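Reviewing the structure listed below.
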Amino acid sequence: MTSMTIRVDEQLKRNFDILCDQFGLSNSAALNLFIKAVVRERRIPFEIKADTETEIRKQGWEAFMRMRESALNNGAADMTLDEINKEINAVRNAR
């Protein structure tokens with residue numbers, strides 16, 4: 001046996017440890033399962049992908065249309081830019 005050291009975000013590790021505990025596994029056993037699957041299948045056992053530029057644009061457009069519909073339904077579509085900025089600043093200052 002040998003050891004392996006990795007660097008992981010602290011909160012991510014905490015969440016991983018909690019889930020492993022719920023699965024009845026140590027984090028070491030869970031990582032060993034992953035490593036064995038990679039070696040056995042000779043691939044990462046899940047898909048890793050980034051959205052295409054077209055998908056990103058489509059998602060942006062859909063988000064814009066949802067915000068536009070929400071503005072129309074809430075009467076915000078008639079607000080001036082100054083009124084919108086005042087509301088934004090009021091929310092920021094309330095935090």
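The values are calculated or read from the model by the stated rules, or taken from the named source; none is laboratory data. For clarity, every value in this text was computed on a predicted model and none was experimentally measured. Note: areas computed on protein heavy atoms with side chains; ligands, DNA, RNA excluded. Shrake-Rupley method; radii C 1.70, N 1.55, O 1.52, S 1.80 Å.
Assorted remarks:
- The heavy atoms of Ile48 offer some 130 square angstrom of accessible surface to a 1.4 angstrom probe.
- In the chain, the DSSP-assigned H stretches of four residues or longer account for a calculated mean residue ellipticity at 222 nm of -22500 deg cm²/dmol, using -39500 (n - 2.57) per stretch and the full residue count as denominator.
- Along principal axes, Cα extents of the chain, largest first, whole Å: 67, 35, 22
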